[in-house]
1. So with the 1.4 Å probe, I'd like the accessible area per residue for the chain, rounded to whole Å².
2. Let me check something: with ligands and nucleic acids excluded, how do Asp300, Asp292, Asp196 order by accessible area (1.4 Å probe), largest to smallest?
3. What label, among (i) 1.24; (ii) 0.97; (iii) 1.03, belongs to Cα Rg over 2.2 N^0.38 Å computed from the structure on display?
4. Within the set of other residues whose C-beta is less than 10 Å from the C-beta of Asn168, count the net charge using Lys and Arg as +1 and Asp and Glu as -1.
5. Whole-Hz Karplus ³J(HN,Hα) for the stretch 149-160, in order, using 6.51 cos²θ - 1.76 cosθ + 1.60 and θ = phi - 60°, x for Gly and Pro?
6. From the phi of every residue in the stretch 164-180, what ³J(HN,Hα) in whole Hz does the Karplus formula 6.51 cos²θ - 1.76 cosθ + 1.60 yield, where θ is phi - 60° and glycine or proline is x?
7. Search the structure for amide H atoms under 5 Å from the amide H of Val220, placed 1.01 Å from N in the peptide plane, and list their residues when 5 or more places away or on another chain.
8. Anything over 19 Å Cα to Cα? Flag those among Lys228/Lys359; Lys228/Lys317; Lys41/Lys270, in the order listed.
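The values are calculated or read from the model by the stated rules, or taken from the named source; none is laboratory data. These numbers were taken from a predicted model, which means no experiment stands behind them. Cβ sites come from the backbone with ideal geometry, for glycine too, and all protein chains shown count toward neighbours. Surface accessibility is based on the protein's heavy atoms, side chains included, excluding ligands, DNA and RNA. Shrake-Rupley method; radii C 1.70, N 1.55, O 1.52, S 1.80 Å.
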Amino acid sequence: MTGFSDRVEHVSISGIREVFEAAGEDAINLGIGQPDFPTPKHARQAALDAIESGETDAYTTNKGIPELRDAISAKHERDNDLHIPPENIIATAGGSEALHLVMEAHVSAGEEVIYPDPGFVAYEALTHIAGGTPKPVPVRDDLTIDPETVEEAITEDTAAFVINSPGNPTGAVSSEEDIREFARIADEHDVLCITDEVYEHIVFDGDHHSPMAFAESDNVVIVNACSKTYSMTGWRLGWVAGSERRIERMLRVHQYVQACASAPAQFAAKGALSGSQDPVDEMVASFQERRDVLLDGLSDIGLETPTPSGAFYAMPKVPEGWVDEVLSRGVIVVPGEAFGENGAGYARISYATGIEEIKESLEVMGEAADAVR
């Protein structure tokens, strides 16, 4: 009798998607994790030039065009003080595929993957798809993940742990001290550290640090993408970086599920990474201004909110029924439990939208708070 795999039966439709589908067409969307800025002109032009010249008509190499991998390698040298050879990089169909490759190449049936709760929805789903066992761990009150909590959760069945700084859905940024500890844990316990650095440039307070800079082994793999930094979510261009032996295993998966990332997107990404970074700086400054407006408004409403130091999300503590009230009044926010059990009692608000819409939404949020108190 035809059935379905246990792996897919453990995966449900994202709670974020369910919220979107339940909202009205005219709703103000504070639920989407997508910058509201255009892709930089020089990135789009790089794709257009490649299309016009016919360079995008055929498959690229599995790992991606050399020019892009050179640009990614140079980016890590410039931004992270990391020397990652171009041959140790695979261009992927967004950060999502990069995460999928890491899981498939490193997680055997029944092995555990530790990740923050609340955390990005894909961590649990991709662990199931790889045949692994999800092992969420709670975060601190400031919504950062505690190295001690991760280390205590490690067993002989642990294949990997995931860190995400700046984080989705929390906006939390891990300190250098914590990042050093994650590198130590990966080294001493011989467990893979998957570091999701998709939001690395969107930092307002403190600095971004990568555990690969501190690890003494090759037990760190970086997942990154152009999606958030360059407002290129639709281009679907990410990458994974690691040691030669790890990249070789991930390439075995990539060559069959994807063959290569979209050729036009690869040229656009090369242009984004190699060209002026001024659009990134302008976008981050705008996000910080929006964050401050949102935090002031949430405080006036009386909602306690850990200050997000990066990304473009805030997670206030909200009273029961508040999310439904906000949704019914035409503003989309995402219930915290969509990101794990420990997200209950919170809501994720994305401020990747205009300040006027944020101010209008704050009025609605205040009315909703009054209605449920």
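1. 43
2. Asp300, Asp292, Asp196
3. (ii)
4. Net charge in that neighbourhood comes out at +1.
5. 5, 4, 5, 5, 7, 6, 10, 5, 9, 7, 9, 7
6. Going residue by residue, I get 9, 9, x, x, 10, x, 8, x, 6, 10, 6, 6, 4, 4, 5, 5, 4 Hz, with x marking Gly and Pro.
7. It is Cys193, by chain and number.
8. Lys228/Lys359; Lys228/Lys317
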